[in-house]
C-alpha cells in the first residue's frame, strides 16, 4: 500500500470521526431544544409517542380553545387510582383519524381521551363540575400539553358533558375506574364502585 493511500485513509477516518462527533453534538442540542426528546422512544408517556401532529399528542397539539402548546418532559405515570381536578379541552377536528399514543385512530365520536399521567388503557369517569354531567372515557393518547389541562376529550364526549365551541375548556374531575398496573393487572380506581353515567 502506498504512503499516499495510507495518508488518505487516515484523513478519511479523521473526517468520519469528526462528523460523528458533530452529529452527536447536534442531536444533544436538538434534544435540549425540544425538551429532551430528540427521537421517539419506547416510553408510552413520551410526548413523541403520541403520533398525532408533529410528534405530540393531538392535545399537545392544539385543542379547540387553541393555545400554542409545547411538549414537556414526560410526567411520571400515576397508577394510584385517585381523583384529580383540572381543566378539560377537546380534540380539534383536524385530528380525526390520526394515530394516538396507543396506535389506534382518534375517533371524534368515540370515548377516547388523552392524559399526560394516567396509564394508557385507563378507564375514567370525567365530570364537568359546572354542569354536573359525566362520561366514561378510555385513555388512549398523551396530552394535553397546555398548563392546567389534565384531559383532552373527543368532541362528542366533550359535548356530552357540556363543553362546546363557545366554552372550549371546563373544570372537571377525572376519577379513574380501572388503572392498568405494570404486572398486567388492573387496579380499581376511586370511581370503581360508582354507577356509570
Original post:
Restricting to the stretch 165-184, what's the tally of residues that are in contact with a strand residue (DSSP E or B) (Cβ under 9 Å, 6 or more places away or on another chain) and part of a loop (DSSP other than H, G, I, E, B)?
Top reply: 3
Original post:
Mind checking whether some residue in the stretch 108-117 is at pLDDT below 95, in a loop (DSSP other than H, G, I, E, B), out of contact with any strand residue (DSSP E or B) (no Cβ under 7 Å at 6 or more places or on another chain) and surrounded by 24 or more Cβ atoms within 10 Å (Cβ to Cβ)?
Top reply: no
**OP:** Collect the residues in the stretch 172-197 that are surrounded by 14 or more Cβ atoms within 10 Å (Cβ to Cβ) and either under 22 Å from the mean Cα position of the chain (by Cα) or more than 23 Å from residue 81 (Cβ to Cβ) (or both), keeping them in residue-number order.
**Re:** 172, 173, 174, 175, 176, 177, 178, 179, 180, 186, 187, 189
**OP:** Could you list all residues from the stretch 137-158 that are more than 13 Å from the chain's Cα centre (by Cα) and either buried (at least 18 other Cβ atoms within 10 Å of the Cβ) or assigned to a loop (DSSP other than H, G, I, E, B) (or both)?
**Re:** 137, 138, 147, 148, 154, 155, 157, 158
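Please verify whether the stretch 122-129 includes one or more residues that are more than 14 Å from the chain's Cα centre (by Cα) and assigned to a loop (DSSP other than H, G, I, E, B).
yes
The values are calculated or read from the model by the stated rules, or taken from the named source; none is laboratory data. Keep in mind that this is a model prediction, so the values were computed, not measured. Here the Cβ is made from the backbone with ideal geometry for all residues, glycine too, and neighbour counts use every protein chain on show.
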